[in-house]
Amino acid sequence: MLRKEIKHADEPQNIPVGNETGRLAAPYRRLFAPLLAKADNPKPNVVYLLADDLGWSDISEHRGGTILTPHIDHLFSQGVELRNFMGWCVCSPTRAMLMTGRHPFRVGTGPETGGELAQGESTLAEGFKAIGYRTGIFGKWHTGDDPDTPEYRRAWEEAFKSLPNKKLVGGLGVDAHGFVEAWIYYGGGADYFTRRTVGGKGPVSWWHNREYRQDDKGYCQWRRAGIANGQHSKPFPWHRARIVAAKPGVGPSGIPGHPLRISSR
């Protein structure tokens with residue numbers, strides 16, 4: 001395993017994020033300092049991979065690992081692995097911590113799943129966007145609810161028509177937190193094929209930006225967004241949020257209980 005010493009860069013001054021000028025949490029101020037040091041330096045593309053409930057020994061590079069993960073192992077061999085960190089035991093607080101660099105109790109999520117990331121919080125996406133990046137998120141959000149658009153409200157009311165007292169509480173949407181391009185589902189239990197929530201009884205949760213797309217077909221873990229196609233004038237950070245590790249019972253064949261196969265290619 002390649003090891004590198006990480007030195008703290010000088011902290012920058014205020015970075016404009018969200019609707020007002022704010023300050024990113026200390027770990028992210030150090031992250032952005034090298035990117036802000038020289039305006040004429042080319043900015044690297046950045047990809048964040050977040051896997052729900054991925055265990056320490058679920059990676060073959062780690063001791064006790066029995067699942068082959070050659071691509072992740074390759075990333076470790078060519079980069080830096082950080083082993084001194086704080087996470088959470090469920091997904092929503094962990095996602096909020098990654099987005100803000102702050103304790104989830106302070107930002108509107110946790111201690112369990114659900115909650116809405118407060119709009120006033122400065123996020124990693126807003127920081128990247130403020131310095132010229134085109135931001136994107138693909139996969140699962142789960143730090144806020146589906147936005148209350150007319151199309152989604154109709155689907156929600158149809159799904160819960162037998163529960164007239166159940167009220168829709170719409171979320172802010174990922175665009176409120178600095179993401180320009182998004183292909184996502186908001187909740188934590190959407191079916192991989194139908195994208196219906198609440199054990200298949202709730203409405204579809206599947207969006208392209210603010211466009212509700214309940215009729216899209218296909219295995220949602222394989223859906224791709226157009227941000228990768230063609231040439232873009234701006235560098236990009238991608239946040240790729242996967243859920244397969246948390247709920248691997250349905251593979252791409254569509255057969256319940258069929259395990260996902262991990263290719264070594």
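Values for this structure:
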read-out	value
Percent accessible area from carbon and sulfur atoms, segment 95-200, protein chains only, probe 1.4 Å	50
Residues of segment 98-199: accessible area per residue with a 1.4 Å probe, Å²	43
Residue-count net charge about residue 180 - beta-carbon cut-off 12 Å; Lys, Arg +1, Asp, Glu -1	+1
In order through segment 96-113: 3J(HN,Hα) via Karplus (6.51 cos²θ - 1.76 cosθ + 1.60), integer Hz, x for Gly, Pro	5, 5, 5, 5, 10, x, 10, 5, x, 5, 8, 10, x, 10, x, x, 9, 6
Å³ per residue enclosed by the Cα convex hull of segment 51-109	95
Sequence-distant residues sharing a close amide H with residue 48 (under 5 Å, placed H)	238, 239, 240
Placed amide H near residue 131: partners under 5 Å, 5+ positions off or other chain	none
Gain upon complete extension [residue 234, residue 74; 0.36 nm per residue less C-alpha separation]	54.9 nm
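The values are calculated or read from the model by the stated rules, or taken from the named source; none is laboratory data. Predicted, not measured: the structure shown is a model, and the values here were computed from it. Every residue, glycine as well, gets a Cβ built from its backbone with ideal geometry; the counts of neighbours run over all protein chains shown. Note: areas computed on protein heavy atoms with side chains; ligands, DNA, RNA excluded. Shrake-Rupley method; radii C 1.70, N 1.55, O 1.52, S 1.80 Å.
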